[in-house]
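Student: Got a structure for you, written out below as structure tokens; questions coming shortly.
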Amino acid sequence: MGNPSPQDDKGDPVRFHVNRDVFSEAVSFVVKLLPQRNPQPILAGVLIEASEARLSLAAFDYEASARTTIEATVDEPGTILVHGRLLSDIASRLPNAPIQIEVDDDGGVVLTCGSARFTLASMPVQEYPAIPEVSGESGLVPADDFATAIAIDASNNAYITGNTHSFTFPVLNAFQSQKGGVNSPNDIDNAFVTKLNAAGNLVYSSFLGGAACTGGGTGGCLLFGGYVDKGMSIAVDAQGHAFVGGATQSISFPRVDSLQPAFASGGGAGFVAKVSQMGGALLFSTLLGDSAQFVRGLAVDAAGNAYGAGPLTNFPTTPGPYQSLGGSAVFKITSGSASVGLTSAASPVTEGQPVTLTATYSSAPQGAAIIFMDGAVNLGAVALSNGSAILSTQLPSGVHGITAIYRDGSVEVESPVVYQVVNPPAQCN
């Protein structure tokens, strides 16, 4: 057959257009098969075949295979192979616009979506093993958890809260990856907060709760039907921070800069918590009110101020309240007006190269710390010097949603998300 040309080695001169949400969902489906580290680098790829008015996406590891077919506008048919997890990370974070993918003159796979543009290294198609045909499909999805509130942002991402019995509730990029109280009775629940993108893919999901209650007998907490912590309301601001409201009976409920440091009396309180944009941190979490009270409703305005309501007694009031006594309360939690800036020195970089991040915040005192977060991973805290904090680190290949957080006990500020692309190291063929 002879030696392949450089273009044969990279794949065909493909070009197609496809709906962003449909493509992201298809890529997410096939890459679930791929392990984090594969002894055969070629099996880390997703095979994309463009023909007529459809795309076929597939993955294979010699033990199992996954394939899905979606509609697309195909300008030039052909086949390409690209790193699956990197493609999935990129596809899940693209703006709301159609996707164009084509192979450039150098054999790179160029993905364009609105103002976003990425160039991915193509992998040798002819080295990919033949994928067996899949004769059927089956599956089972458990549905024993209940969501009580949902909010939708401007990009059609869904934010959900509720309560769950399950110790194996799905978690991803979580600030709390385990249910509070592993040895608690089965009738004890934790709250949860989950974000799904517009394609229905999990962005983050976390427990929110503690280990034990203060009353209700030895068999578990008996108030409110047996839960310990319950999410009952949720709202989202323009930056993508989720505000969760509900009730807790847990003495170890997670608190961050809480306005009310402990239960006022009895065995519980309402709560409000603010979750970071990528889901990996609680920016604040505060108790509110007294036993058997809860935050039933939440809303957020354009400035990021949170407004809540619910049956809350023993509730702290501001001077000159409309009504100082009663069984319900309305409250406002203000957001700081200052903002943290965050930039990366270079993106993309190749795995093994340093990533240098610079955060700026002029409203903090000299020496105050900025925390750099990669989703749920704390990359480190750096002291501000003349309004800037610089962190140099290395990251594995993929797309990393990085933020910088400043918190001083009364103010919590998070930068916009900076997406850092880290390409896999070059492969020798």
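The values are calculated or read from the model by the stated rules, or taken from the named source; none is laboratory data. Just so you know, these numbers come straight off a predicted model, no measurement behind them. Every residue, glycine among them, receives a Cβ derived from its backbone with ideal geometry; neighbour counts consider all protein chains shown.
Student: Just to check your reading of the model, which residue among 382, 413 is out of contact with any helix residue (DSSP H, G or I) (no Cβ under 9 Å at 6 or more places or on another chain) and under 15 Å from residue 274 (Cα atoms)?
Tutor: One residue alone meets the criteria, 413.
Student: Let me ask another. Out of curiosity, is residue 255 modelled with pLDDT of 90 or more, out of contact with any His (no Cβ under 7 Å at 6 or more places or on another chain) and not hydrophobic (A, V, I, L, M, F, W, C)?
Tutor: yes
Student: Which one is surrounded by the fewest Cβ atoms within 10 Å (Cβ to Cβ) among residues in the stretch 364-402 that are in contact (Cβ under 8 Å) with a residue 40 or more places away in the chain and over 24 Å from the mean Cα position of the chain (by Cα)?
Tutor: 368
Student: Moving to a separate point now. Take the conditions in contact with a strand residue (DSSP E or B) (Cβ under 9 Å, 6 or more places away or on another chain), at pLDDT 70 or above, in the same structural domain as residue 256 (by TED's automatic domain parsing) and more than 21 Å from residue 234 (Cβ to Cβ) and apply them to residue 290. Does it pass?
Tutor: yes
Student: A further question follows. Would you please name the residue that is surrounded by the fewest Cβ atoms within 10 Å (Cβ to Cβ), looking only at residues in the stretch 60-107 that are under 28 Å from residue 155 (Cα atoms) and hydroxyl-bearing (Ser, Thr, Tyr)?
Tutor: 69
Student: Restricting to the stretch 185-214, give me the number of residues that are surrounded by fewer than 24 Cβ atoms within 10 Å (Cβ to Cβ), modelled with pLDDT under 90 and not in a loop (DSSP other than H, G, I, E, B).
Tutor: Within the stretch 185-214, residues that are surrounded by fewer than 24 Cβ atoms within 10 Å (Cβ to Cβ), modelled with pLDDT under 90 and not in a loop (DSSP other than H, G, I, E, B) number 1.
Student: Being surrounded by 13 or more Cβ atoms within 10 Å (Cβ to Cβ), at pLDDT 90 or above and in a loop (DSSP other than H, G, I, E, B) is the requirement here; does residue 174 meet it?
Tutor: yes
Student: Conditions: (1) surrounded by 12 or more Cβ atoms within 10 Å (Cβ to Cβ); (2) at pLDDT 90 or above. Residue 156 meets all but one. Number of the miss?
Tutor: That leaves (2) as the condition not met.
Student: Does residue 247 qualify as being more than 21 Å from residue 152 (Cα to Cα), modelled with pLDDT of 85 or more and of a type in the set (A, V, I, L, M, F, W, C)?
Tutor: yes
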